[in-house]
1. Of C:194, C:250, C:223, which is farthest along the charge dipole of the stretch C:190-303 in the positive direction, counting Lys and Arg as +1 and Asp and Glu as -1 at C-beta?
2. Relative contact order for chain A using alpha-carbon pairs under 8 Å, separation at least 6, rounded to a whole percent?
3. Give the relative contact order (percent, whole number) for the stretch C:68-158; include only Cα pairs under 8 Å separated by 6+ residues.
4. I need the phi-derived Karplus couplings for the stretch C:385-392: 6.51 cos²θ - 1.76 cosθ + 1.60, θ = phi - 60°, integer Hz, Gly and Pro marked x.
5. With the Cα gyration tensor of the stretch C:184-252 giving a ≥ b ≥ c as the square roots of its eigenvalues, does the rule (a/c under 1.5 for rounded; else a/b larger than b/c for prolate; else oblate) give rounded, prolate or oblate?
6. Given C:90, C:60, C:109, which one lies farthest toward the positive end of the charge dipole of the stretch C:1-111, if we put +1 on the Cβ of every Lys and Arg and -1 on the Cβ of every Asp and Glu?
7. Compute from the Cα atoms of the protein assembly as shown the Rg and the Dmax, the latter being the longest Cα-Cα distance, and quote both in angstrom.
8. So what does log10 I(q)/I(0) come out to for the stretch C:76-152 at q = 0.18 Å⁻¹, using the Debye formula with one equal point on every Cα and no solvent?
Amino acid sequence: MNTNIRLTLPVVCFVWQIAMIILFGVFIRYDEESDTHWVETKAHDNITSDIENDFYFRYPSFQDVHVMIFVGFGFLMTFLKRYSFGAVGFNFLIASFGLQWALLMQGWFHSLDPQTGKIFIGVESLINADFCVAGCLIAYGAVLGKVSPVQLLVMTLFGVTLFAVEEYIILNLLHARDAGGSMVIHTFGGYYGLAISRVLYRPNLHQSKRMQGSVYHSDTFAMIGTLFLWMFWPSFNSAITDHGDGQHRAVINTYLCLASTVLTTVAISSLSQKTGKLDMVHIQNSTLAGGVALGTAAEFMISPYGALIVGFFCGIISTMGYIFISPFLEKTLKIQDTCGIHNLHAMPGVIGGIVGAITAAAASESVYGKQGLINTFDFTGDFKDRTVLTQGGYQAAGMCVSIVFGVVGGAIVGSILKLPIWGDPADENCFDDEVYWEVREPATHHLLFTI
Amino acid sequence: MNTNIRLTLPVVCFVWQIAMIILFGVFIRYDEESDTHWVETKAHDNITSDIENDFYFRYPSFQDVHVMIFVGFGFLMTFLKRYSFGAVGFNFLIASFGLQWALLMQGWFHSLDPQTGKIFIGVESLINADFCVAGCLIAYGAVLGKVSPVQLLVMTLFGVTLFAVEEYIILNLLHARDAGGSMVIHTFGGYYGLAISRVLYRPNLHQSKRMQGSVYHSDTFAMIGTLFLWMFWPSFNSAITDHGDGQHRAVINTYLCLASTVLTTVAISSLSQKTGKLDMVHIQNSTLAGGVALGTAAEFMISPYGALIVGFFCGIISTMGYIFISPFLEKTLKIQDTCGIHNLHAMPGVIGGIVGAITAAAASESVYGKQGLINTFDFTGDFKDRTVLTQGGYQAAGMCVSIVFGVVGGAIVGSILKLPIWGDPADENCFDDEVYWEVREPATHHLLFTI
Amino acid sequence: MNTNIRLTLPVVCFVWQIAMIILFGVFIRYDEESDTHWVETKAHDNITSDIENDFYFRYPSFQDVHVMIFVGFGFLMTFLKRYSFGAVGFNFLIASFGLQWALLMQGWFHSLDPQTGKIFIGVESLINADFCVAGCLIAYGAVLGKVSPVQLLVMTLFGVTLFAVEEYIILNLLHARDAGGSMVIHTFGGYYGLAISRVLYRPNLHQSKRMQGSVYHSDTFAMIGTLFLWMFWPSFNSAITDHGDGQHRAVINTYLCLASTVLTTVAISSLSQKTGKLDMVHIQNSTLAGGVALGTAAEFMISPYGALIVGFFCGIISTMGYIFISPFLEKTLKIQDTCGIHNLHAMPGVIGGIVGAITAAAASESVYGKQGLINTFDFTGDFKDRTVLTQGGYQAAGMCVSIVFGVVGGAIVGSILKLPIWGDPADENCFDDEVYWEVREPATHHLLFTI
């Protein structure tokens, strides 16, 4: 197979970047908090201090999310013995590519100013762009090592587009809440990637079996990704929640949920081996499932023990997924899921959607307070008469929308990626950085001495 | 020896996590700043902006501390050639385990609401839980590679319990100040680990000599831990100090102190070798001693040059500890201290306690201002008539309490860990990840080519 | 050659650190926001909340900058197969050394209180000290592997001194704006390093050719540095900009610019190889050029698409620099630039200075607003009648000052470093950690199996 991408990769990058410059020129402007006219806005709105600028509420969380996107996702995928450049490098490329498109797509759908026809961006827009990109990086996990960077760019282009639409339907039309994106990010991203992987099924992938699996140092590198994702997940789930108690509570819930997940992941991992040894695959991945599953409910009054319960079950289910479901998916459903995103994102995402629907439906004025209930679920404007039960129903509906967009969108995009023009690797060259990277030491030598 | 932990590890994890869920259900609630009733609290207390929520004062520091706990401590211990999984993975496990217990123990001792019988938690509680866990992670450094994960969980369970009690005595009863935990965290954690290591003395540890020491890449991984600890230590020492000048000053002092420590560490390390070569063990560890030693005094008006002086001596003492004291401890006192926590935490912690006592006793109204003195030492309520000299005395008393709790507590816990039921490794299998982890490449091969 | 540094290194460290303690004792004090008298300052200035303390505006950015200095620069230089200790370790040493001197030098030039003769420091001083050190770490990149730690300390000592002077001329006398330091930090640091490298030219450097280049894991380690620099660059460029919209806008601009740079870097890197393979050197370095080039203009109203355009060209120019200009510099101009700082810092720095001059000259009241224009360019006091065109001219003049200081200063310092007393390595021992570090495995063995 021809893996020469010397024409396609530069062309896509240049054309795309020039298109971005033009579209940004037409549409994107600073919002009133990042514009030099802020001094007038302050005077007009009687804001007494610069510290009221949204920047100071969200920037620390933004930077944590940014680290998750680039170091977290990037290094989590370095576990393969000889695909670290592709893991970190292509993750870097498609995230940088996708976040620009996300600002436009999300802008058009969520914040196009009807009068000026402009999109006004601020720090919250950057967070949302990073979130949007996360969906595509999740999908990358399913096809890691089996696609070309050009395919990844195409996948990201369509992924961001689909994301913006399903997000609009779920958050705006259905008015579901999903601050940490259990549905919008993880469920969508998970099924999107799995569907693409299904369409791109490689029956002879065993030919690159020697390149699958990890070596000692690559597993250690992957733990950098795991830990930065795990530590900063409270920031992820709280980054765009309400100022004040909303951000505060989302952090507490996510922190507790993740701690609980670690213990049950270790327990199931140990149970799964004859002598109770632990498996790095589980520790690297399933420990994060709790963060995914609390994406919707983190800002609700799920209560600290509720967060622990969610984490408890997620650790169990995700680890069991690696042990039982992944082999089943590969053999029976022909879904080759390199990183096991079904266990880390798709399943926990669905759990998160369900937890969100239930906790929303069970919300009460006695727990939330009258104003607290309105604030938390944003029962204002067109939605001011919505009951919590109805809200629960819409949350569940949002769940379904994200699954449908993931599966159908992934199937369609997968078909596009099947065209024989994208320079993807042959079966025996999968999971090998030498296909798309200048590697200075020959792999043969490396294989000789470290496998 | 039987290192099968397939029964004990899952049982401990499950039983413990279920107990946590129940106890959290009974005791733990959101505090008024993370509860949806915050909107009413604001109205009641005349708070005009959400930015006054404690979340915005402490969350950036919390995240830095969180990184220190999981990446800092975890990667610092990856220096051994073949124990990176155990270093990062078990650190991850016991920290997640311990922080839940810490929230309860610290809650019962410090913030149990007498009326409702509940513990109300917020971001400061999370920081304190991370701090409490740090004590146990320090202790892990002394026994790294020589104990099973089940032993680590037991060690952490008792460690957190002891921590909460000594902390209560030092901070509440003695009313000593110790924002960065020179005494409460480092001295206690250090002596706790050393005492345990003494009780678990292995006369034939030389049988695993081939696994001791580092390789090139493992030393590089360890520097990730060192640097994240070093960079974020200003956040550690300022995370729970007073809003405003308290946090600000603690950062400046710690920043300066640590810079000074690096220079004297390098100097002594170079002096210790024939041709002046540097030793990575010193650079990885002793450079951090200044942060430990400023844990108590960071919030005081120790003045910038005072901080430099503390760092100056700590770098010298800690590096000399690695050169002279560690071999002495092992040979004469039979304390096998894998990571040299005596030099990094115990000794500098004691120095920190002494520095704190002296600077407290030397505090004056002319330097601090009348109100500044009251704020810094919290001379309010029952303690409003306390003089700085008395305060210095109580600081010194606190120092002793932390040593006693560490030594006695460690001796007792060490005896429990000596029971032959915990699945610890044989002498010849110490420092080897293969005992508790599925390692894909055989160690024999690895040993052949990289030792 | 004699590489014994057992005398010189400790002596320099000790003498220097003692000098620092004395000078800090004489000159450095806490500023009013980090002093216990803050409570009185608050009352006096009618500040209602501690959150108004500058600490809360700048600390998150400071910590990001701190990570860039120690982990970012440190790990970026670990790409060489056998110089990771030197990269991370010496970076650690000279940064710790330099930041103390920077606080003094910058204090004397910028903030010496004429009445008390003291320098009052706060969080912004720490950021500026880190910035100042960055200039020297950039210069280290040019001589990586070819100098002794003593030479690095000397280089840093003079580098910080020169930095403080040129910064004073550019920012205070010329009143140019340069918040992210395109001119002051990157251009100066780049040319300073290149000039030193030119003076220290080694005609027989090919004798250590076997140690040049990277191995697989060292390239992965270097990506840690790249990513932390890339992710936190928005903090770098916004850390000392105006509160409110200034910080907010600088973040948005830098975020966008860097994303754009990644795409064009990948495009050119792919174009440069026969089959379109990517080169890790480009991905590690050129992706960062956009951050450098927006250092001056990040706080201006360059507009989002303007930021993308800057990134677009920087990715192209920097990558082409690695392909075409670096070999030319080495062969023709005899500048051996280990890390390619000419392509990552010097050239993009100059571009940044030019972009800054143009955008300043093109600023208008219609875009900035009357007060916005005054705030952004600080047209107050002596400079209240300056026009934007004049400002553009002064920006360009600043650019020239930084180049002159870099080239002339570097030439002089290079001559000092040429003295045969500093313990630098022989040509055949360059790029080898064994010269200055205790390395536990013999390099010969390592070379046998992993090159």
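1. C:194
2. On the way: 799 pairs, mean separation 106.6, N = 451.
Averaging sequence separation for qualifying contacts and normalising by length gives 24 percent for chain A.
3. On the way: 81 pairs, mean separation 30.4, N = 91.
Once divided by the residue count of the stretch C:68-158, the mean separation gives 33 percent.
4. 9, 6, 8, 5, 5, 4, 4, x
5. Values: a/c = 7.05, a/b = 1.75, b/c = 4.04.
Judged from the Cα gyration tensor, the stretch C:184-252 comes out oblate (a/c at least 1.5, b/c at or above a/b).
6. The one lying farthest along the dipole's positive direction is C:90.
7. 28.9, 84
8. -0.73
Values quoted throughout were computed directly from the atomic coordinates according to the rules given, and no laboratory measurement underlies them. Just so it is clear, the structure is predicted and the values come from calculations on it, not from any experiment. We place every Cβ from the backbone using ideal geometry, glycine too, and count neighbours over all the protein chains shown.
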